[in-house]
Amino acid sequence: MESINSLKNRFLTEKNEAEYRLSGKNYEVAMKHLEAAGKLLGEIYRRDINPQRREEYKQIRNQLEERFQECKEALGLAPSRPAPARPAPRPVAPKPAANAAAPKQAQGKAKAQEEDDGVNYMINGIDVKQFLASESRDKNVMFEDVIGMEREKATVRGELFLTEEEKAYKQEIGLKSKNFILLYGLPGTGKTFFAMALSNELRQFSGEDIPFFSVVCTQLKSSHVGATENNIIALFEFTKQFDRCVLFMDEFDAIGQSRQKASGDPTAVTTVNTLLTQLGGFDSNPNLLFIAATNCPYNLDGALLSRASPKIEVPLPGGEVLYGTLQRKLGNLVAPDVDLSAVAKKLEQSKFSNRDCSNLIDEIKRKLFEAHRVDDMINNVDSAMIASALREVKSSVKRDEQIALEEFKAQFAEN
């Protein structure tokens, strides 16, 4: 799928060529380049959700139309000749689908809860809002912020970022879209971060403000008979209110544990069966993108694993990623004689996760703050502070988890 930067480069080429042709009074050729520039601008406008840039695109569109009109007047053409394509209207906030089934009301309950955003959170007598993270995502996080994982990014782009023609052809040949992605990896590697970035990329590509709902699966579990299953059903029913949305479930193994391994949990079988039923109902909600994340994919039920595709590993960060993180968060604070690349290499050898690296950075900053309190002339991080922080912050990665994950990859990994 062509990137926005590529579209912008092509737009500038067409626009500059049009201006060149205008300067030479070659109006017919100029009009062709203006039309091409207008179509490219429309696509850029549709996919770039930044409000400030969208206003700039409108101004540029008006300039193109003025130039186009100049060409028509110079050639004496009728005003009915089509002008460059206008960008699509600005998308509005998502709203419940018009054909969404009305949720059932629990007997003796008050009227279903209605929020200011027009979304109904009370489904079958269950307040779904209690399961949703209050701050589901950082809308500024994009794939460019996910350092590395280029193959994985390309995989999801190829599956999800389709043109209307590509969607139509898939439907014509009977090829179903993949809308259940499994993210797995050791704790703290950035699975939630990747899910947020994917959601934002999809939002930018489509030009729609696609809702992103994040749930920690342990919050869905209940000791009451049938309550966990009802919570899962309510959550999936909740998503059917939207024309399009992303549901992200973290710690998925908490409700997706293998039915063969869960002998001590009598609810495991019915919980997994409920999940399989809901996932099998994607045909009734084809625009739901379901992303599950787990540290322990080897504990998931086989039937769930067979439905998840693609299965994407979010690995431990390499030295380049760790260096980028250190440079971004400490660069302006570090003394000139400190070699952050050497620190990054040491963290990579020690199997630091992204979360471990963030904890280390916080500890380094704490060391700097404490030193500054004693002597306000100290304003830079030195090697001693970093060494002291490294003695206190260790990798959280466990060897047995690494081994189990490698065995899983050998059997199930797709990438």
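Each value in this text was obtained by applying a stated rule to the coordinates, not by laboratory testing. Model, not experiment: these values are computed from the prediction. Every residue, glycine among them, receives a Cβ derived from its backbone with ideal geometry; neighbour counts consider all protein chains shown.
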### Query
aspartates and glutamates within cross-link reach of LYS261: Cα-Cα under 13 Å, excluding same-chain residues under 8 positions apart?
ASP253, ASP301
### Message
Could you list ARG366, ARG61 so that the one with the fewest beta carbons within 10 Å of its beta carbon is first and the one with the most is last?
### Response
ARG366, ARG61
### Task
Grab the eigenvalues of the alpha-carbon gyration tensor for segment 4-75, scale each by 5, take roots, and send me the semi-axes largest first in whole angstrom.
23, 12, 8
### Fluctuation leader among ILE403, ILE147, ILE312 - the chain, Gaussian network, Cα springs under 10 angstrom
ILE403
#### Entry: the chain: most fluctuating residue of PRO297, PRO310, PRO286 per GNM, C-alpha cutoff 10 Å
PRO286
### Task
Identify the GluC sites (Glu not before Pro) of segment 119-186 meeting these criteria: DSSP loop state and at most 13 other C-beta atoms within 10 Å of the C-beta.
GLU135
### Query
Dipole magnitude of the chain about its Cα centre, charges +1 at Lys/Arg Cβ and -1 at Asp/Glu Cβ only, in debye to the nearest 20?
520 debye
### Query
Tell me which aspartates and glutamates have Cα within less than 19 Å of LYS25's Cα, excluding those fewer than 8 residues away on the same chain?
GLU14, GLU17, GLU35, GLU65, GLU66, GLU70, GLU73
#### Entry: Residue pairs, from the table LYS15/LYS240; LYS191/LYS394; LYS153/LYS367, whose Cα atoms sit over 32 Å apart
LYS15/LYS240; LYS153/LYS367
### Task
Using the Cα centre as the reference, give the magnitude of the dipole from point charges on the C-beta atoms of segment 319-392 (Lys, Arg: +1; Asp, Glu: -1; all else neutral), rounded to the nearest 20 debye.
260 debye
